[in-house]
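Encoded as structure tokens, the structure appears first; notes follow it.
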Amino acid sequence: MIKILLAEDEDGIRTSIANAFSWSDLGCELYAQASSGLEALELCLQNPPDIVISDIVMPGIDGLTFIKYMKEKYPDMQFIILTGHRNFNYAKDAVNLGAAYFMLKPVNYQELKQALKALADKIADTHEDRRLEIQEEQTLSGLLSGFLRIEELHTKHLRSPLLSNWFLHTPWYQIITFTFDETSETQDRTVRLENLLVYCRHFLKEYSCLFCKMNHTHLAVLFCHQAQPASVFEQKELFFRMQKEITQFFHASVSMGISSLLNEKEQIHEGYIQSLRALGQKFFSGRSSVNFFLNQEPETMEGIIDYNLTSLSARKTVDLIRRSDGILLEKLANDLFLELFRPYRRNIGLIKSSFIIVAVLCIKKIVRDDSRQLAVMLEKYGNFQLAVHADTLQNLKDIFINLVLDLSEYQTLKSGPKQAVIDKVICYIQENYRSNISLNDIARTVYLSPSYLSSMITSETGKSFTDILNEVRIQKAVELLSDPGLRITDIAYAVGFKEPQYFSIVFKKLTQLTPRDYREVHLNASP
């Protein structure tokens, strides 16, 4: 049943309309009545109707404001506006805001009935279109994933007009998978993927295509061809143009995987697997890439890790860390990464597995028996979940280079005097005093546990970490106080204090003056 909400502040008119005809004969249900704009708004938000019949002038919220708000929230909601004003501007404003009908009072019930019938039919058609669309997506998803067979399309409950008209009667087809390159929360990914599906439907409306979301990570498109495409170049041009427009529209890059050209309908599941394998090549081609499926040799897709090779790779990496540093180390680490994992060719699983083995061997060799440092290092790299989830070779290479640089720095700090660690701590504070930094943050940068670092700072400087941090912040605050245009509260926030009152307490403790007194004394003393 189509749900109707009637909003009219005059009781007599509202009752008269409610009893004017049989709502059920129109396939409708008058499920709620409101005597004010605010009541109508509350009812709509609690249980959105399909159609709203509303007076244009009501207490609380006028009809035009009501329409505008609800149309922004529920674009498919239909409105019939009633008014006693014979003013064309009211009608114009209502229609511009999305009202389907504008009727003058006293209401002609026959006209109202005809308007409701027209809107109810339109909504029913929309519901049916959406039902078929959902059925189409579910059927296509089943075929692609291999849970449905082609012959099952002919059964009554799976009859699918578009699949029957396009897919079953076109000689050629391909499967294309799309995914956003950036990772985000699952709910956000789902919404973005739904929006991407709508966008792809619009972009490819001139082509015979069917669409479905396979999960919360990627979208699949069945691209039907009436004739064999002239060249791969033409296809690339279309998909690169599409990719560019998607990136501009969503402000996020996407990558695509495209199956080979298929002509056997029973190969649809195989085509989907091909598109996923092609999309997986983003690992090598990088983000924002269009990847065509290529028949790869079996040995590139299967294999085992050569542990002798990984052990040798780890020794090379440790040797590099011990004899190089700085910019040269970064460059050599880049070259070494390409050398270490070239033997595994294009097997992503073997590359990642061997990477993790090499990384663990290197950490153990450099850190040795220091279990505390080992735990700190493994925590920093999330027990190598970063490597497991790396979506490109470049991403994995960046992790490798950072690991090499971190191990090199750890080695330098451990073999050098404690003062080198203290210098690094002070340098970190001076660079980050504006932020809400903690001892834990700094401990991670020097590969020490927070408790050990705290003891080292106190024994070497006679001060606590908090003392040093406050000294740096107050020193910076003193510099800012020389500018009379800056408020003391703003200065407190600028140097990293969350509470201006606490800033004043610390400032007085270190300078024997409040910030205001300090400013007055030193500004007056200035020539």
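Restricting to the range 76-95, count the residues that are assigned to a loop (DSSP other than H, G, I, E, B) and either at pLDDT 80 or above or polar (S, T, N, Q) (or both).
Residues flagged as assigned to a loop (DSSP other than H, G, I, E, B) and either at pLDDT 80 or above or polar (S, T, N, Q) (or both) within the range 76-95 amount to 3.
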Does the range 336-376 hold any residues that are on the phi > 0 side of the Ramachandran plot and touching a residue at least 24 places away in the same chain (Cβ under 8 Å), and which are they?
Arg345
Quick check: anything in the range 143-160 at pLDDT below 80, within 15 Å of Cys209 (Cα to Cα) and of a type in the set (S, T, N, Q)?
yes
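Quick grid of which residues meet (1) out of contact with any Phe, Trp or Tyr (no Cβ under 6 Å at 6 or more places or on another chain); (2) not aromatic (Phe, Trp, Tyr):
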residue: Leu6; (1), (2): yes, yes
residue: Gly12; (1), (2): yes, yes
residue: Ser22; (1), (2): yes, yes
residue: Tyr31; (1), (2): yes, no
residue: Leu45; (1), (2): yes, yes
residue: Ile61; (1), (2): yes, yes
residue: Ile67; (1), (2): no, yes
residue: Met70; (1), (2): yes, yes
Show me the helices (runs of 4 or more DSSP H) entirely contained within the range 377-446 in which 3 or more residues are crowded, with 17+ Cβ neighbours inside 10 Å.
393-415, 418-432, 439-446
If you check Arg368, Arg342, which single one turns out to be among the charged types (D, E, K, R) and either more than 25 Å from Leu448 (Cβ to Cβ) or buried (at least 18 other Cβ atoms within 10 Å of the Cβ) (or both)?
Arg342
Looking for whichever is modelled with pLDDT under 85, among the β-branched types (Val, Ile, Thr) and assigned by TED's automatic domain parsing to the domain that holds Gln267 here; the options are Thr177, Thr247, Thr183. Which one fits?
Thr183
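The values are calculated or read from the model by the stated rules, or taken from the named source; none is laboratory data. All figures in this text were calculated on a predicted structure; none of them were measured in a lab. Neighbour counts run over all protein chains shown; Cβ positions are idealised from the backbone, glycine included.
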